[in-house]
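Trainee: Take a look at the following structure, please.
The values are calculated or read from the model by the stated rules, or taken from the named source; none is laboratory data. These numbers come from a predicted model, not from an experiment. Ideal geometry is used to build each Cβ from the backbone, glycine not excepted, and the neighbour counts take in all protein chains shown. SASA here: full protein model, heavy atoms, side chains in, ligands and nucleic acids out. Shrake-Rupley method; radii C 1.70, N 1.55, O 1.52, S 1.80 Å.
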Amino acid sequence: MATNLLARLNLPGFESESKKVKHYGVVANFDTPEDLLRAVRTARAAGFSKMEAYTPFPIHGIDEALGAPRSPLGKIVMCCGLTGLVSAVLLQWWTGAVDYPLSVAGKPLFALEPSVPIMFELSVLLSAFGAVFGMLHLNRLPTYYHAFFNYSKAEGASNDRFLLAVEVEDPKFIAEEVKTFLDSCGSRHTELVEA
Amino acid sequence: MADLALDPRMELNPPLITSGATYAEVNQQISVITETAPPKQWYWVFFGVALPLLGLLGVCLTYLAFTGIGVWGNNVPVGWGWDITNFVWWIGIGHAGTLISAILFLFRQKWRTSINRAAEAMTLFAVACAGIYPLFHTGRPWRAFYWLLPAPNELLHMWQNFRSPLMWDVFAVSTYATVSALFWFVGLIPDLATLRDRAQNPVRKTIFGILSLGWRGSASQWRHYELAYLILAGLSTPLVLSVHSIVSFDFATSVLPGWHTTIFPPYFVAGAVFSGFAMVITLMTLARYIYGLENLITIKHLENMCKVILATGTIVGFAYATEFFIAWYSANQYERFIFMNRAFGPYGWAYWTMISCNVIAPQFFWFKKLRTSVPVMFVLCIFINIGMWFERFVIIATSLHRDFLPSSWGYFRPTWVDIGTFAGTFGLFLTLFLLFLRFLPAIAISEVKGVLHHQINTQPATAGKGGAH
C-alpha cells in the first residue's frame, strides 16, 4: 500500500515497475529528405500525431506534413520592436527636455525629427533581441539534456541523416508496432530510445 | 558534367557547388578545417604578420591613453584626421558582410551561402576595429561609457545630447555590432551542433556542446529558427543602410563646405558596400587558397561579387561627378573653392589616388576574362580598398584644412601613433579572422547542404528540360 502511494508520487527509487525504464520514442533513420517526407505523410495518414523530425537542414513542407502550427515569433518581435520605439521617444524626451534641459543653438529641447535615428536604432535592437531570445525560448534552448540524444545514431541528424521520432506520448504508441511500421516506410535503422 | 556544359543555360547558371559533393562530404570538408592544423604554410605567414601588428596596436593605444590624444596629428584646423577616416573606413568594410547575409538572403540569392559566414565574421571584426577609434578619441576610454551611452551615473549628473549626430552614431554602431553578432551566432548554432556531434575529444565536445546550446535540428526547432533568421535578415537590411547614413550625418549635418550635402547618405552607403565587397574578395581568395575550398567558393561566387563591385563603384564614381557638378551649379563660392581645392590643392595627390583606385580600377570588371581571374580581382580589390580609404581621408582633410579664414589654413600630417594605430587595427582584424578560420566553420554547413539539396533536385530537370536555375 505504502509503496504504491510512493510509486504514484514518482519519487526516485520508488517508481512503479513499468515506469522504471522510460522511453522517448521510436526513432527511424532515412537516407534522403524525400524518404523522410514520405514517411511523415504515411505516418500521419496512419494516425500518428506526436512526431518529431530531425534533419541537418530545414526541409520545406515538413511542418505541414507534421501538422505543426505557425511560429508565433513574429508577434513577439513586433511587441519588442514597439517597446524599443516607445522607449526611444521617452528616453530622448525625458533626458533632453525634462531631466537635463540644455539649449543648443536655440533648437527645441525635444522634437520628433532629430529623434528618428535613435527611434529606428532602438526598434531594431529590441526586435533583434526579441527574434533571437524569442527563438531560443520557443525552442527551449539552451537545454542541458534531451532524450533524443540517447539515440545511438543521433549525431547523424547534423550530418546527412534524416530522422523521424514517434514519441511515447502518441496515443497510438505501441513500441513494437511503431517499429515495424517505420521499418516498412524504408527506415535504415529503427530503434526504441530510452528517455 | 560534359553534357551539362553543352547546355548554354548551364553556362549562364553554373552549379554553385561543384565536384558532385554529398551532404556528408560537405560536412567533412568544412568541419575538418576546424579539427586539424592548417594545411599550408601561408596560414602561419599571415599569423607572423598579424601578431606583431596587434602588439603595435597595444603599444599605440597604451601610449595614447597615458599621454592624451595630442599624440595624434589632429590639430586646428584639421580637428578630425586619421581617427575618423579609419573609423568610417572600417565600418564600411563591415557592410558587405551584412549585405551578403541579409539583403542577398531576402533576395533569395543562393550563391551567398558559401561566403556569408566568413563575410559576417569579417563584419564583426571590422566593427571591432572601427570601435577602437571613437572609444580612444575620448582620451579616457575607461570613462567613455558614461559619455557615450545614456546610463544613469553619479559621475557627471547629466545626459547625452540626443540632437547630436555623434550621439546617433553611438546608437547606430553599437546596435549594428550587437545585431551583427546575434545574426552571426544564430547562423552558427546548427553548425556548432555539427562540430559537437563530430567531436572525439571530450574537451572539444564540451565546448561545442555549450556553444550549440543543445541544438537538435528538430523540425519544430528549424521552424522557429528559420523565422528568426528571416526576421534578423529583414531587420539588418534597413539597419546596414541606416548605419552608414548616420555615419554620413556626422558630416552632412555640419555647415562645412564639402560636407553639408544631401548626397552623403546614399553615397556613403554605396561606398561602404563597394569597399566591403572588395575586402570580402581579398579575404575569400586567400581563405579559399589556404584551405582548398575551390569547389564551395567557386569562380561564380567571386564573379558575382565583382559585379556588385562594378555596380557600386559606378555609383561612387557618379557621386564624385555629382558633387563637382552641384558645387559649380550652386554658385556658392565656398563650395566651388573646396572642390577645386580637393582636386588641385595641396591634397590633390590624395584626390587623384582616390579617383584612380575607385573610378578606374573597377572598370576592368566589365570584361568577363578579368572578373573571373583570381589574381586580377585580388589586385584590383586591394586598389579599391586603398581608394576607399583615400575617399574618407579626402572628404575629412580637404574640407577642414582650408576653412573660411585663410589665416588659419594648415596641412594635416599623421604622427607615428596615427600610422601605428591604423596598422595595428589590421593586426587585430587579421588575427581575429585567422582564429575564426581555424576554430569555427568558415562556411555555413547547414545552408550549403540546403543549396546542395536544391541542386540535387533541380539538376536532372535542368539538364533534361533546360529549366531555370
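Trainee: What value, in deg cm²/dmol to 500, does the helix sum -39500 (n - 2.57) over DSSP H runs of n ≥ 4 give at 222 nm once divided by the residues of chain B?
Mentor: When only DSSP H runs of four or more count, the value is -23500 deg cm²/dmol.
Trainee: A follow-up question, please. Leaving out ligands and nucleic acids, note down the accessible area per residue over chain B with a 1.4 angstrom probe, in whole Å². If you can, show how the numbers build up before the last one.
Mentor: Details: 18540 Å² over 469 residues.
Counting only protein heavy atoms, the per-residue value for chain B is 40 Å².
Trainee: Based on the Kirkwood radius over alpha-carbon pairs, what is the Stokes-Einstein translational diffusion coefficient of the stretch B:2-466 at 37 °C with 0.692 mPa s viscosity, in µm²/s?
Mentor: 138
Trainee: Given H placed 1.01 Å from N in the peptide plane, which residues other than close sequence neighbours of residue A:25 have an amide H under 5 Å from its amide H?
Mentor: A:168, A:193
Trainee: When Lys and Arg each count +1 and Asp and Glu each count -1, what net charge do the other residues less than 13 Å away from residue B:192, Cβ to Cβ, add up to?
Mentor: Around residue B:192, the charge tally is +4.
Trainee: Could you give each residue of the stretch B:85-97 its phi-based ³J(HN,Hα) in whole Hz, using Karplus coefficients 6.51, -1.76, 1.60 with θ = phi - 60°, and x for Gly or Pro?
Mentor: 4, 5, 4, 5, 5, 5, 4, x, 4, x, 5, 5, x
Trainee: If you take the beta carbon distance between residue A:116 and residue A:146 as r and set R0 to 45 Å, what does 1/(1 + (r/R0)^6) give as a FRET efficiency, to the nearest 0.05?
Mentor: About 0.50, to the nearest 0.05.
Trainee: Something else now. Calculated FRET efficiency, residue A:70 and residue A:31, Cβ-Cβ r, R0 30 Å, to nearest 0.05?
Mentor: 0.50
Trainee: Quick check for you: which residues of the stretch B:249-290 have the amide N under 14 Å from the point 7 Å beyond the Cα of residue B:332 toward its beta carbon?
Mentor: B:251-264
Trainee: Determine the shape class of the stretch B:286-425: with a ≥ b ≥ c the square roots of the Cα gyration tensor eigenvalues, call it rounded for a/c under 1.5, and otherwise prolate if a/b is greater than b/c, oblate otherwise. Write out the running numbers ahead of the final one.
Mentor: Values: a/c = 3.78, a/b = 1.76, b/c = 2.15.
Oblate shape, in that a/c is at least 1.5 and b/c is the bigger or equal ratio.
Trainee: For peptide B:188-197, compute the average count of partner chain beta-carbon atoms within 10 Å of each residue's beta-carbon.
Mentor: Per residue, the number of nearby Cβ atoms from other chains is 3 on average.
Trainee: Eigenvalues of the Cα gyration tensor times 5, then square-rooted: what semi-axes does that give for the stretch A:73-138, in whole angstrom, largest first?
Mentor: 30, 10, 7
Trainee: Return the carbon/sulfur percentage of the accessible area of the stretch A:73-138, one whole number, probe 1.4 Å, all protein chains in place.
Mentor: 78
Trainee: Continuing with the same structure: Buried accessible area between A and B (1.4 Å probe, both chains summed, ligands and nucleic acids excluded), in Å² to the nearest 100?
Mentor: Working: alone 12980 and 21020 Å², together 29030 Å².
Separately minus together, A and B give about 5000 Å² buried.
Trainee: What number comes out for the charge environment of residue B:74, summing +1 per Lys or Arg and -1 per Asp or Glu over other residues with Cβ under 9 Å away?
Mentor: Once positives and negatives cancel, what remains is -2.
Trainee: Compute the helix-to-body angle for B:165-198: its Cα long axis versus the longest principal axis of chain B, expressed 0 to 90° and rounded to tens.
Mentor: 20
Trainee: Can you tell me which lysines have their Cα less than 25 Å from the Cα of residue B:205? Leave out same-chain residues fewer than eight positions away.
Mentor: A:153, B:449
Trainee: While we're on this one: For a quick check: with amide H placed at 1.01 Å from N, whose amide H comes under 5 Å from residue A:162's, ignoring anything fewer than 5 positions away on the same chain?
Mentor: The list, which skips near neighbours in sequence, is A:30.
Trainee: Something else about it: At 27 Å minimum axial length over the Cα atoms and a Kyte-Doolittle cut of -1.0, report the qualifying DSSP H helices in chain A, or say none. Display every interim value, and only then the final one.
Mentor: On the way: long enough: A:73-93 (30 Å, 1.61); A:116-138 (32 Å, 1.79).
Answer set is A:73-93, A:116-138.
Trainee: So for each of A:54-67, B:50-63 I average, over its residues, the number of other beta carbons within 10 Å; can you give me the resulting order with the highest mean first?
Mentor: Packing order, densest peptide first, comes out as A:54-67, B:50-63.
Trainee: Pop out a list of residues from the stretch B:121-170 that are at least 20 Å² less accessible with all the protein chains around than in their chain alone; 1.4 Å probe, no ligands or nucleic acids counted.
Mentor: Flagged in the stretch B:121-170: B:158, B:159, B:161, B:162, B:163, B:168.
Trainee: How much of the accessible area of chain B, probe 1.4 Å, is carbon plus sulfur, in whole percent? Before the final figure, lay out the partial values.
Mentor: Numbers: 13180 of 18540 Å².
The value for chain B is 71 percent carbon and sulfur by accessible area.
Trainee: Can you return the lysines within cross-link range of residue B:369? Criterion is Cα-Cα under 24 Å, with same-chain partners fewer than 8 residues away left out.
Mentor: Cα-Cα hits under 24 Å: B:110, B:300, B:307.
Trainee: To test your reading of the geometry: what angle, between 0 and 90 degrees and rounded to tens, separates the Cα axis of helix B:374-401 from the longest principal axis of chain B?
Mentor: It is inclined by approximately 20 degrees.
Trainee: So how far apart, in nm, are the two label points at residue B:63 and residue B:138 if each is 7 Å from Cα heading toward Cβ?
Mentor: Reported label-point gap for residue B:63 and residue B:138 is 2.4 nm.
Trainee: What percentages make up the Cα-Cα pair-distance distribution of the stretch B:306-364 when the bins are 10 Å wide from 0?
Mentor: Percent of Cα pairs in each bin: 23, 45, 27, 6.
Trainee: Calculate how steeply helix B:264-291 sits against the longest principal axis of the alpha-carbon atoms of chain B, using the helix alpha-carbon long axis, and give the answer as 0 to 90 degrees to the nearest 10.
Mentor: 40
Trainee: A follow-up question, please. Kirkwood Rh, Cα Rg: Rg to Rh for the protein assembly as shown?
Mentor: 1.03
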